[in-house]
Amino acid sequence: MKSYKSIIKICFFALLFNTTSCKKIDDKFLNKTPETFYTTDNIFSSSAQIDQAVVAVYSQLRDMWANPTEQAWTFVFRGNGTDMFDVPSIRRANSFNNYGTINANSDIFYQNFSAWYKIIAKANLAIYSADLPNISWSTPADKAYTVAQARFFRAFAYRNLAELFGGVPIVKDVATAARFNYARASRVETYQFAIDELLSIENDLPITTGSGGRLVRGAAQHNLCELYLAMGTQLAANGDAAGASKAFTNSIAYGNKVIDGSPYALMKNRFGARRTETQGNVYWDLFQENNVNYQDGNTECIWAIEIDYATFKAEDPRSKLPYSRIYGPVFRNGSPANLGGALEDVGGRGISQVTPTLYTRDNIYQGVYANDMRNTDIVFRRIFLGNVPTSPYFGIPVPWSVLYDTKDDQSLDYPVSCKIATDKYTGLADGQDRSNLFRDDYFIRLPETILLRAEAKQRNGDKAGAATDVNLLRSRANCTYLVGAGDMDDNFNTILDERARELVYEECRWNTLLRMGGTIAVDRIKKYAFWPEAQASLTFNYNLWPIPQLVIDANKDVKLAQNPGW
């Protein structure tokens, strides 16, 4: 799926009807039968076109993750405003931590909410059209796989909606007229719908594919692991201990399928295009060009975003990862007397749309947690040689005491992850400016499945088993300190910290925090936010974003209840 050609972009989020009047119109024109009038029953004429509608969802999801057009709502979806990420001083106006200004009218919430329903609309159309009598399929398996992908996307959308917004209207049919009477399902019901969808298509997804990007069975099983975990957490909050335990057991079972009963395994030895270079390590290898896909020999990759430089140049300007630009530090503003420019030595052309909090960059590597492959300079670079000739540190490492001179400078100067920058940028001969990476990226990587299973084990009373799972990652990272059952605290700090070490710039942190329950999300945001607005303004507890007020107002025939606290 390196190329996205002839993508059909159809949005049924809203149906707009417009009537006009004129004094003189040709009656023959008014009475003429249109030769091409598209409806849900004739918009597709071949199975290949339905597959292109499915490809359109892959494309939309790629844009939601990679954010090639730098949308503010996507910055939030990917973690801005959580314990892990904030904004630098030059972007305080874009903060998502000031709860004096964040409310149900915020466009951030509406854009996130509607993005998932656009995916649902596209999936519903593909599912419906697959059974139209005019569509011929080459084989039953071809049809089953196309429908399975569409139903996966529908389930994936509802999983994200439930984690972020709670119970939402479940829409299974193609809209043919405007509706204003949608009713919210409960959060558990929404999780259950997504679970049922994935259970029904699990075996219609292949175990592996010949090329990267397309869905495989492990992606469904990973999401079932997460869905059962999320549902169990909500059932426990509802007081249903027996139901919660059953859900956690199912979560563990699906984690087992991915971790122990599939072709996936942690990469423990150097591999891929740059494996012979002495500077790297196996964790660094995971994020190099031509190393990401399972088809590249990477057994950690369950589902990947496909990025291709040739496609970027020829037809798809969104086929890029603008991570160096979005996430990169701005030393030239934070410490201009010592570090300047936008070359590889400072992590590329960063403009820091989002900055890692001190928790993400420093706190999680303190004390016994310091010795960690993920904290080595090749992976999380902390050594920057002064490149300004007049600097007293010209040609030698600039101390962090200098880079962290003020709070404002601290927000612009920070370590550079190998996930957001490289020492070998593609496209420089064609005029690229070190803003973008042109490697594939992960939707799902095996370590996240391991951490989901660890959480399910802990929630089901098995702290020793949870610690064993966390240590699978810590052992691979050559950590000298391995956790024990006593480290698995009831606020899940050990698991959340390990997620931050392993999945920084990968996980969608809001999903993780909001499904944790209790006061975990609020407590961590108030504790670790970079700027003080959160501590001052976050005066209520919540585990859900608000239903966008625009959605509530538009659904005029049925009152959609707002989430507590909003």
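Every number here is computed from the coordinates shown, using simple stated rules; none is lab data. What you are looking at is a predicted structure, and each value in this text was computed from that prediction instead of being measured. FYI the Cβ positions are ideal-geometry reconstructions off the backbone, even for glycines, and counts take in every protein chain you see.
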*For q = 0.25, 0.30, 0.31 Å⁻¹, what log10 I(q)/I(0) does region 298-338 give under the Debye formula with an equal point scatterer on each alpha carbon and no solvent?*
-0.87, -0.99, -1.00
*Using alpha-carbon positions, what is the distance between the centroids of region 525-566 and region 448-491, in Å?*
31 Å
*With 5 Å bins from zero, work out the P(r) of region 323-437 over every alpha carbon pair and list the percent per bin.*
2, 13, 22, 24, 21, 13, 5, 1, 0, 0
*Report the Stokes-Einstein translational diffusion coefficient (µm² s⁻¹, integer) for region 170-223, Rh taken as the Kirkwood radius over Cα pairs, at 10 °C with viscosity 1.306 mPa s.*
117 µm²/s
*Report the local net charge at E448: Lys and Arg +1, Asp and Glu -1, summed over other residues whose C-beta lies under 9 Å from its C-beta.*
-2
*What is the sum of charges around N98, taking Lys and Arg as +1, Asp and Glu as -1, for the other residues whose C-beta is under 10 Å from the C-beta of N98?*
0
*asked:* Students often check this: by mean Cβ neighbours within 10 Å, which of 525-535, 150-160 ranks highest, and how do the rest follow?
replied: 150-160, 525-535
*Cut-off under 5 Å, modelled amide H: who pairs with T355 long-range*: D86, V87
*Between region 76-94 and region 168-185, what's the alpha-carbon centroid distance in Å?*
33 Å
_Over the Cα atoms of the chain, each weighted equally, I'd like the Debye log10 I(q)/I(0) at q = 0.05, 0.09, 0.12 Å⁻¹, rounded to two decimals._
-0.22, -0.70, -1.26
*Got a sec to turn the phi values of region 67-75 into Karplus ³J(HN,Hα) couplings, 6.51 cos²θ - 1.76 cosθ + 1.60 with θ = phi - 60°, whole Hz, x for Gly and Pro?*
6, x, 9, 6, 7, 4, 5, 6, 4
_Could you order the peptides 421-430, 83-92, 313-322 from most to least packed, using the average number of other C-beta atoms within 10 Å per residue?_
83-92, 313-322, 421-430
*For region 204-279 versus region 39-53, the gap between their alpha-carbon centres in whole angstrom*: 32 Å
*Which listed residue (I364, I495, F44) has the Cα farthest towards the positive end of the charge dipole for the chain, taking +1 on Lys and Arg C-beta and -1 on Asp and Glu C-beta about the Cα centre?*
F44
*Rank by packing, highest mean first: peptides 269-278, 47-56, 355-364, with packing defined as the count of other Cβ atoms within 10 Å averaged across residues.*
355-364, 47-56, 269-278
*With Rg and the Kirkwood Rh both taken from Cα atoms, where does Rg over Rh land for region 361-511?*
1.04
